[in-house]
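Accompanying notes for the structure given below.
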């Protein structure tokens, strides 16, 4: 989470009818709602191989990830997942079933990850990638994955790859505590912003 210094005419207090502190403009009463960000991505395949990108940017530069990033305005989640695949791997992807919905309170994010397939085995690193490769399942560099969400999505893909329909996966029970809100964000009465980060947090 990134610290943010609001303008002087904003004050942090609990609005009428609310139950937590918000930034409120003392001049006009406008309320700033700080809501979770949506991450969209795709586990993309070509003939049973999985597409991974080696990150060229922080956080986790040099580590492998599925194509994923922040959803933009005026696009659907599916369009965003396809766009991220193009931006990071210069690949055209047909986005298919919703694979996972991963809530990561610690990062203030919700990840919507889809299954998809390449329309052709043509790809190259985009500006945010050092390398792009197709991996067999047994060759996935598990110890070099950038984020916990990558691990979840890949394993959930493997569990469901032969299923036509299934409910979307969520954060595995063993990782729920890891991605929970850090202590400084658990109390709505505290005004400081936590700057702690961990590898599960940001695309």
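Read the figures in this text as sums done on the coordinates, not as results from a lab. The structure displayed is predicted, hence computed values, not measured ones. Note: ideal-geometry Cβ built from the backbone for every residue, glycine included; neighbour counts use all protein chains shown.
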Q: Identify which of 51, 74, 112 has the largest mean-square fluctuation in a Gaussian network model of the chain, with springs joining Cα atoms closer than 10 Å.
A: 74
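Please rank 11, 88, 58, 78, fewest neighbouring Cβ atoms within 10 Å first, as an exposure proxy.
Values: 11 12, 88 29, 58 8, 78 18.
So the ranking, lowest neighbour count to highest, is 58, 11, 78, 88.
Tell me, what is the FRET efficiency for residue 28 and residue 87 to the nearest 0.05, using R0 = 30 angstrom and their Cβ-Cβ distance as r?
Values: r = 37 Å, r/R0 = 1.25.
Here the calculated transfer efficiency is 0.20.
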Q | Inter-label distance for residue 103 and residue 178, nm, one decimal - labels placed 7 Å from Cα along Cα-to-Cβ | A | 1.9 nm
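Per residue of the chain, what 222 nm ellipticity follows from adding -39500 (n - 2.57) for every DSSP H run with n ≥ 4, rounded to the nearest 500? List each step's numbers first, then the result.
Numbers: 3 runs with 30 residues, N = 203.
Helix-only estimate at 222 nm: -4500 deg cm²/dmol.
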Q) What spacing in nm lies between the two simple spin-label points modelled at residue 94 and residue 20, each 7 Å away from Cα in the Cβ direction? A) 4.1 nm
Q. Against the longest principal axis of the chain, how steep is helix 148-160, in degrees 0 to 90 to the nearest 10, with axes from Cα atoms?
A. 50 degrees
Q | Antiparallel DSSP beta bridges within the chain, percent to nearest 5 | A | 70 percent
Q.
With 10 angstrom as the radius, rank 98, 130 by how many other C-beta atoms surround their C-beta, starting from the fewest.
A. 130, 98
Q: Order the peptides 122-129, 14-21 from the highest to the lowest mean number of other Cβ atoms within 10 Å of their residues.
A: 122-129, 14-21
Q. Once the principal axes of the Cα atoms of region 22-71 are found, what is the range along each, listed largest first in whole angstroms?
A. 58, 22, 11
Q: For each of 101, 95, count neighbouring Cβ atoms within 10 Å of the residue's Cβ, then give the residues from fewest to most.
A: 101, 95
Q: Can you tell me the 0 to 90 degree angle between the C-alpha axis of helix 77-89 and the longest principal axis of the chain, rounded to 10?
A: 60 degrees
Q. If you compute Cα extents along the principal axes in Å for the structure shown, which of (1) 58, 34, 31; (2) 77, 37, 34; (3) 79, 33, 28 do you land on?
A. (1)
Q) Arranged from highest to lowest average of other beta-carbon atoms within 10 Å per residue, in what order do the peptides 37-47, 63-73, 151-161 appear? A) 37-47, 63-73, 151-161
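I need the calculated FRET efficiency for the pair residue 164 and residue 5, taking r as the beta carbon distance and R₀ as 35 Å, to the nearest 0.05. Walk me through the numbers before you get to the answer.
Numbers: r = 50 Å, r/R0 = 1.43.
Efficiency, rounded to the nearest 0.05: 0.10.
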